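The values are calculated or read from the model by the stated rules, or taken from the named source; none is laboratory data. This one's a predicted model, so the numbers in the text were calculated from it and none came from an experiment. Note that each Cβ is placed from the backbone with ideal geometry, even for glycine, and that neighbours are counted across all protein chains shown. Accessible surface areas use protein heavy atoms only, side chains included; no ligands, DNA or RNA. Shrake-Rupley method; radii C 1.70, N 1.55, O 1.52, S 1.80 Å.
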Amino acid sequence: MADRPVTRDLAALTSWRADWSGLRVAVFGVGVTGFAVADTLAELRADVLVVAARASDDHRRLLDVIGARLELHPDESTVPEVLPAFEPELVVVSPGYHPDHALLLWAAERGIPVWGDIELAWRLRDKVLRPDGTPPEWICITGTNGKTTTTQLTATMLVQGGRRAAPAGNIGIPVLDAIRDPAGFDVLVIELSSYQLHWINSHAGGELAPLASVCLNLDDDHLDWHGSKQGYRDAKAKVYANTRVACVFNQADLATREMVEDAEVQDGARAIGFTLGMPGPSDLGLVEDILVDRAFLEERHHSALELATLDDLRAAGLATPHGTANTLAAAALARAAGVAPAEIREAVRGFAVDSHRTELVLEADGVRYVDDSKATNAHAAAAALAAFESVVWIAGGLLKGVDPAPLVARHAARLKGAVLVGVDRDALREAFARHAPGVPVVEVVETETDVMLSAVRAAASLARSGDVVLLAPAAASMDQFVDYADRGRRFADAVREWTGGTHGEDSTPPTDAAD
């Protein structure tokens, strides 16, 4: 085989209009994100090899259509022979690949640069320009809990303010699809997971410089992936790097303030806090039942701008403390982009919280059945539990290396019973034995034919009129379900089957619904 050049200057590849043709790129993974990466690179006429443990029939067919090669390699502890023979100049990795995956260790040993999909999208963001000839702005959002709702709210506020805006990223719409949308956008509001943040800002030419950014909160999560609390924290903190206008942080979460203080930002970028208390200058917060802005006005030391009321939030299902915090964070980001207060209020009034976020399924015999399957970590589950006074809790799944004991101890007083599901039940069982020994606990084993129907049946047997049966697992779902949405749908189906579909007078989402 003839020698192949491997000296392409990747730092120069900072535009859709750069010459990407013939660049040998190995793409690891072919889920939603991995396919978007392969499709984008194929459109740029790069030479694309996709390596994945598995691929759907649709993705196999589509990769063939776009001219990308696929190497299925189920043994994730080894490197397929085709990869060294391909001699990639660049690797683009899907978000779920652990840093010590055999493929990534192989790339590191050979000094092959590894990008994530976010870095690739940032370099290519000028494909569809705004009317003034500039690329769309980016607003970046992360946090342990509340990312999706805040991303959706921010995009809704921007649209209400007359901007062409869209949510993208970890919310389910690949950023690479958004930057290639021929309609074009003024602003992309990008939800970023810690996995995605891990890979950013490591290569010349690919450093993000968002208009505004936020880390909503920080609690233990994905410790199995990042290796430590510090590793998880450091990944989240990357969201603030190079921010140009506003670094938004949570006044109630010291870690987010410290992230902003430590961040290298561009000249002129401001630190903007949000709080459920009285806001100081440069904050957004609450004055009685009114959400106000004391950051984006000249007279912020002496006055404030009204943004919305708690009644507005209640109608949108955002009136819980975490829902209010998400709204204030979104408003701060939208204000940084120039959206007027009146437009923020109209956006809130027209907003509806997504499914599987403290969503009332139905009420039967005085018991409310609430789906918060989106609570895939302890921080999110704590917010859901805090919204109700008397709970029968369905919990468990993949705990991702996080100890559930503090969560159980904090909420033991409100628990009337617990039903444990999933592969990591042992840690939950031990937490209840130590911190809530008086709470009745039922375990549902994986071998039961319909795990969720068994869980609902057990929870219903523990619940009394006035209680809430709450699915807020504090764990990932992939041990028994396709994803959190599948888990939530199965819960709702099981509730309807068990109760015979009985509804109370009001089956709309409760006023305390939130992310």
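List of remarks:
- Within the stretch 225-237, the set of residues being among the charged types (D, E, K, R) and either closer than 24 Å to Leu333 by Cβ or modelled with pLDDT under 60 (or both) comprises Arg233, Asp234, Lys236.
- In the stretch 340-371, of all residues being farther than 21 Å from Ala383 by Cβ and of a type in the set (Asp, Glu), the one that is most open to solvent (accessible area, probe 1.4 Å) corresponds to Asp365.
- Screening the stretch 40-54 for residues that are under 27 Å from the mean Cα position of the chain (by Cα) and surrounded by fewer than 20 Cβ atoms within 10 Å (Cβ to Cβ) and picking the one that is farthest from Pro182 (Cα to Cα) gives Ala53.
- Meets criteria (in contact (Cβ under 8 Å) with a residue 40 or more places away in the chain and either part of a strand (DSSP E or B) or basic (Lys, Arg) (or both)) for Gly273: no
- Residue check for Ile118: among the β-branched types (Val, Ile, Thr), under 30 Å from Ala325 (Cα atoms) and in a strand (DSSP E or B): no
- Matching residues, the stretch 259-270, being assigned to a loop (DSSP other than H, G, I, E, B) and either on the phi > 0 side of the Ramachandran plot or within 26 Å of the chain's Cα centre (by Cα) (or both): Ala263, Glu264, Val265, Gln266, Gly268, Ala269
- Residue count for the stretch 121-130 under the criterion of being open to solvent by 10 Å² or more (accessible area, probe 1.4 Å) and either in a helix (DSSP H, G or I) or among the β-branched types (Val, Ile, Thr) (or both): the result is 2.
- One residue stands out in the stretch 234-252 among those that are in contact with an Asp or Glu (Cβ under 9 Å, 6 or more places away or on another chain) and part of a helix (DSSP H, G or I): the one that is least open to solvent (accessible area, probe 1.4 Å), namely Tyr240.
- Residues satisfying the stated conditions in the stretch 378-403, i.e. open to solvent by 10 Å² or more (accessible area, probe 1.4 Å), on the phi < 0 side of the Ramachandran plot and assigned to a loop (DSSP other than H, G, I, E, B): Ala387, Glu389, Ser390, Leu399, Val402, Asp403
- Residue-level analysis places Ala459 outside the set of residues that are under 24 Å from the mean Cα position of the chain (by Cα) and either in a strand (DSSP E or B) or touching a residue at least 60 places away in the same chain (Cβ under 8 Å) (or both).
- Residue count for the stretch 168-196 under the criterion of being of a type in the set (Val, Ile, Thr), surrounded by 24 or more Cβ atoms within 10 Å (Cβ to Cβ) and more than 20 Å from Ala332 (Cα to Cα): the result is 2.
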